[in-house]
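For reference, the structure is listed below as structure tokens.
The values are calculated or read from the model by the stated rules, or taken from the named source; none is laboratory data. Predicted model only: the values in this text are computed from it and were never measured. Quick reminder, even Gly has a Cβ in these numbers, built from the backbone with ideal geometry, and neighbours come from all protein chains shown. We work out accessible area using only protein heavy atoms, side chains counted, and drop any ligands, DNA or RNA first. Shrake-Rupley method; radii C 1.70, N 1.55, O 1.52, S 1.80 Å.
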Amino acid sequence: MTAPLTPSQPPHHQPPHDPWQAAAQPSGATSPHGHEEDGPGMKTEVRQSAVIMVVVAVSGILLGALWMWLSPRVPLISDGTAVYLKDTEGEQAIGVDGTFALLALAFGLVSGVVVFLLRRRGGIPLVVGLALGSLLGALLGLQTGIWLGPATDVVAHAKSVGKGVVFDAPLELKAVGTVLAWPVAALAVHLGLTALFGPRDPEPYPHAYPDPYQNPHGGSHPDGRPDGTGSWPPPGQP
């Protein structure tokens, strides 16, 4: 007479290991920290670009003050009936345009570097805000320099100083396109710094597909083979 056989303890249930499960993810799935990796939202970027545009544009007042202070003066003289250039061969008018262009390039360099340091990730709204702010700043600087400079009414100024008295001509730009020096320099500097030192986008597929023959629990296979190696023919077949 034999004792009844005791059924063996069933093995612990282990979920099947699908080697393609880790790689196959829904196309719309995002990581829990996706917003942190992608930076601030569009509304935040628009607000930041608006602030940058206003600050850069207001700095044009300083550009106008420096332009008025550093520009050479164009001397004029009146004979009582008309106003003439005192020095017909002088290059002061060219110097006025050149001074504005150099100052605008310097302001573009500084604004591009500062904006990059404050917001390294860049973005289209930021670039648009920098471009518009630089253009508005150049126009504001032009008007500020004209307003702070000599009187714009040449005839009235000549009558007030009298016949044969030399006086300064009002500030003006002969080359109107000079106002583009600031935005062009700012965008070139900012885009160059972003390309060289800006953050890089992560790799789209940072992890390779797992080896379907690899033991998911680590170590070696039960038959002694190291991980990542298969056998042929499979066990149980000749």
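Each label point is 7 Å from the Cα along the Cα-to-Cβ direction; what then is the distance between the points at residue 87 and residue 147, in nm?
3.0 nm
With the contact rule set at Cα under 8 Å and sequence spacing of 6 or more, what percent relative contact order holds for region 71-146?
Values: 31 pairs, mean separation 16.3, N = 76.
Relative contact order comes out at 21 percent.
In nm, what is the difference between 0.36 nm times the number of residues separating residue 43 and residue 62 and their Cα-Cα distance?
3.8 nm is the gain from fully extending residue 43 to residue 62.
Give, in nm to one decimal, the length gained when the segment between residue 109 and residue 172 is fully stretched (0.36 nm per residue of separation minus the Cα-Cα distance).
Working: separation 63, 0.36 × 63 = 22.68 nm, distance 2.35 nm.
Working it through step by step, the gained length comes to 20.3 nm.
Mind checking which lysines have their C-alpha under 18 Å from residue 159, skipping anything on the same chain fewer than 8 residues away?
86
Whenever you get a sec, compute what percent of the accessible area on region 111-191 sits on carbon and sulfur atoms (1.4 Å probe). Provide the component values of the computation, followed by the final result.
Values: 2920 of 4100 Å².
Answer for region 111-191: carbon and sulfur cover 71 percent of the accessible area.
What accessible area per residue comes out for region 26-175, rounded to a whole number of Å², with a 1.4 Å probe?
Values: 8890 Å² over 150 residues.
For region 26-175, the per-residue accessible area is 59 Å².
Report the full-extension gain for the segment residue 165 to residue 120: residue separation times 0.36 nm, less the Cα-Cα distance, to one decimal in nm.
On the way: separation 45, 0.36 × 45 = 16.20 nm, distance 5.57 nm.
Gain on stretching residue 165 to residue 120: 10.6 nm.
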